[in-house]
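Trainee: I have a structure here, written as structure tokens, and I will follow up with some questions on it.
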Amino acid sequence: MRQARANANTFNGPYVVFSDASGLWNVERWEEAHVWIGSAEIVMPQRDGPTHELKTLSLPFQAMWEGRKTHEVRKNDRPGGFTLEDLLILREWNNGGKVYSGRTIFAVPTYITEGGAFGLPDNMVVMSIRVIAKHQNWSPS
């Protein structure tokens with residue numbers, strides 16, 4: 001697997017920040033495994049669960065991008081439900097234009113509240129999430 005070295009010279013807290021031809025990345029846990037998802041290489045903890053690509057409306061996406069929103073509320077409609085082993089690919093969706101913006105957040109759930117708890121409808125989940133990487137212009141290959 002190719003090393004992601006593109007301009008990896010800026011360190012900002014726990015993040016290694018680097019850019020390549022396809023956008024700006026903020027990557028956490030540089031020591032972890034390099035993973036390719038489509039044309040994007042990200043550094044992430046090992047996960048054994050499925051990958052979920054999820055449309056996310058612009059307003060909540062922007063709050064996640066800025067680090068103000070650290071949870072995701074979703075209908076629990078995935079086979080096997082959401083688990084702590086999953087990888088979430090959150091793609092910004094411009095509902096007015098009915099298009100993806102290209103901005104993408106790669107995240108992992110750190111805690112899941114299942115439906116039925118605390119008045120949450122049975123078919124919903126609330127996932128606390130940790131952002132692993134952000135990309136300005138990602139699309140699946």
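The values are calculated or read from the model by the stated rules, or taken from the named source; none is laboratory data. None of the values given here were measured: they were computed from a predicted structure. Every residue, glycine among them, receives a Cβ derived from its backbone with ideal geometry; neighbour counts consider all protein chains shown.
Trainee: Quick check: anything in segment 52-67 in a strand (DSSP E or B), modelled with pLDDT of 60 or more, among the hydrophobic types (A, V, I, L, M, F, W, C) and farther than 18 Å from Trp138 by Cβ?
Mentor: In the first step, residues of segment 52-67 are kept if they are in a strand (DSSP E or B); the result is 52-57.
From the residues that got through so far, the ones that are modelled with pLDDT of 60 or more too are 52-57.
Now narrow it down to the ones that are among the hydrophobic types (A, V, I, L, M, F, W, C): 54, 57.
Narrowing further to those that are farther than 18 Å from Trp138 by Cβ: none.
For segment 52-67, residues in a strand (DSSP E or B), modelled with pLDDT of 60 or more, among the hydrophobic types (A, V, I, L, M, F, W, C) and farther than 18 Å from Trp138 by Cβ: absent.
Trainee: Which residue pairs have Cβ atoms closer than 9 Å, lie 6 or more positions apart in sequence or on different chains, and pair a first residue in segment 88-102 that is on the phi > 0 side of the Ramachandran plot and surrounded by 14 or more Cβ atoms within 10 Å (Cβ to Cβ) with a second residue that is not in a strand (DSSP E or B) and not hydrophobic (A, V, I, L, M, F, W, C)?
Mentor: Gly102/Gln136; Gly102/Asn137; Gly102/Ser139
Trainee: Scan segment 108-140 for residues that are touching a residue at least 40 places away in the same chain (Cβ under 8 Å) and either within 14 Å of Glu72 (Cβ to Cβ) or small (Gly, Ala, Ser) (or both) and jot them down.
Mentor: Within segment 108-140, Val108, Met124, Val125, Val126, Met127, Ser128, Ile129, Arg130, Val131, Ile132, Ala133, Ser139 qualify.
Trainee: Follow-up. Restricting attention to segment 77-107, report how many residues are farther than 15 Å from Gln62 by Cβ and either part of a loop (DSSP other than H, G, I, E, B) or acidic (Asp, Glu) (or both).
Mentor: Of the residues in that region, 12 qualify.
Trainee: Could you grab me the full set of residues in segment 108-141 that are in a strand (DSSP E or B) and either of a type in the set (S, T, N, Q) or over 11 Å from the mean Cα position of the chain (by Cα) (or both)? Spell out how you get there, then give the answer.
Mentor: Of the residues in segment 108-141, the ones in a strand (DSSP E or B) are 108-114, 124-135.
Listed by number, the residues that qualify are Thr110, Tyr111, Ile112, Thr113, Glu114, Met124, Val125, Val126, Met127, Ser128.
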